[in-house]
Amino acid sequence: MKVNWKITNIVFNDNALISAHYFASLSDGQNTVETQGEWTFSEIRNKVPFNELEERYIIQWIEEEASKNGSNIIKSNLEQQLQALNSEKSILPWVKPTFKPNIGL
């Protein structure tokens, strides 16, 4: 499954990309899960002048920095949420189950 990304805002200062606000979603055709956040880059991203900056570059940089040991933490959490939606049953049929992330560092 592919994560669908959207960059909603950036902080660009002194010719460097400092952080980016993102929205990410994942769907299996039946259910969709979403998350949003702000990613502050650990290294200065000034490889591309501001007027040449593209959303795909920012998404790529977030994906690179969010990956550890071959696993992307944002995508992994979305997959866990989707799996929880598909496997957990609510006590009350009108209440969605609460997702509890597994944060193993």
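In the range 64-74, the residue that is nearest to T40 (Cα to Cα) out of those that are part of a helix (DSSP H, G or I) and in contact (Cβ under 8 Å) with a residue 12 or more places away in the chain is E65.
Within the range 42-63, the only residue that satisfies the criterion of being of a type in the set (K, R) and part of a helix (DSSP H, G or I) is R56.
Residues checked against (1) more than 18 Å from the chain's Cα centre (by Cα); (2) surrounded by 14 or more Cβ atoms within 10 Å (Cβ to Cβ):
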site	(1), (2)
Y22	no, yes
S25	no, yes
S42	no, no
Y57	no, yes
S71	no, no
E79	no, yes
S87	yes, no
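No value in this document is a laboratory result; all are computed from the given coordinates. Computed from a predicted structure; not experimentally measured. Backbone-built Cβ (ideal geometry, glycine too); neighbour counts: all protein chains shown.
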